[in-house]
Amino acid sequence: MSTIMKMFCLLFFLAFPLQSIGQVKVLTPHQPHKLLRQQFHKLLQKNVSNDGRVNYSGFIRDSIELNQYLKTLEANPPDEKTWTKNEQMAYWINAYNAFTIQLIIKYYPLKSIQDIGSSIKVPFVNTPWDIKFITIGKVRMDLNNIEHGILRKKFDDPRIHMALVCASKSCPRLLNEAYEPERLDEQLNAQCVTFLNDNSRNRIAAQVAELSMIFKWYAADFNKNDNSLVSFLNKYSRVKIKPDTRITYLQYDWTLNE
């Protein structure tokens, strides 16, 4: 190779810090937001309706693009030293939702994510949330690790329960856009408003509030740091309740959210 050609190659790589290894994009420390705005956003716009119904057949047709996005996520774990809190939260929320979609289409067609449990052939793994099919950085993990070990433990924000979607009708709707660091608070607040005022998921009246089981399963997350479940509900629900309002819980519908 001539000296001129070597200089050209060097200048090319200096000019373009975004590199690729096969189909996997390796990003610079200042590009985490691009993980959230490009491939996954387009896939969600294409295959998720405004009310959160998911076209899993469409995701199967777009599985090459989905897998490329997930490989990019896996190759670019959040850097706690350089990424902001919102960048990290948006990354993990998008990761949870995207890997859930990947899990569903692997076993599709099925009536419920819970049906995957009977298909698991791994010792001591009984639920789809315990399958370690994700490798981020060099860490092997499952969906429970992302939700409980990272998002709930590290960020301590109960609004995440309105953003994580377990592919079921009683889950919050899947947003048909990627979560973005710059808009994360706006997106999470909007998800809370939508979820709490959706009568198919919560039925809130002044005397009796029939709530999603999410508020029972994760009651501790809504009753900490001088906050309470009632204050959380009143922040986002159009109908306000009192501390003595009777609270019951609706049966959870695990039917696939399609």
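No value in this document is a laboratory result; all are computed from the given coordinates. These numbers were taken from a predicted model, which means no experiment stands behind them. Note that each Cβ is placed from the backbone with ideal geometry, even for glycine, and that neighbours are counted across all protein chains shown.
Can you give the % of DSSP beta bridges in the stretch 29-249 that are antiparallel, to the nearest 5?
Approximately 60 percent, going by the DSSP bridge assignments.
To the nearest 0.05, how large is the calculated FRET efficiency for H148 and N126 if R₀ is 25 Å and r is the Cβ-Cβ distance?
0.95
Estimate the FRET efficiency between I60 and K111 by the formula 1/(1 + (r/R0)^6), using the beta-carbon distance for r and 22 Å for R0, to the nearest 0.05.
Efficiency, from the Cβ-Cβ distance: 0.85.
If you stretched the chain out fully between M213 and N50, how much longer would it get, using 0.36 nm times the residue separation minus the C-alpha to C-alpha distance? Walk me through the numbers before you get to the answer.
Numbers: separation 163, 0.36 × 163 = 58.68 nm, distance 2.34 nm.
Stretched out fully, the M213 to N50 stretch lengthens by 56.3 nm.
Run the numbers for K71 and D157: contour at 0.36 nm per residue of separation, minus the present Cα-Cα distance, in nm.
Values: separation 86, 0.36 × 86 = 30.96 nm, distance 2.71 nm.
Once the chain is fully extended between K71 and D157, it gains 28.3 nm.
Give me the distance in nm between label points sitting 7 Å out from Cα along the Cα-to-Cβ direction at E177 and D253, one decimal.
Label at E177, label at D253, 2.6 nm between them.
Whole Å is fine, so just give me how far the alpha carbon centre of the stretch 76-98 lies from that of the stretch 149-212.
Result: 18 Å between the Cα centres.
If we count other beta carbons within 10 Å of each Cβ, what is the order of M213, M89, fewest first?
Ordered from fewest to most neighbouring Cβ atoms within 10 Å, M213, M89 come out as M213, M89.
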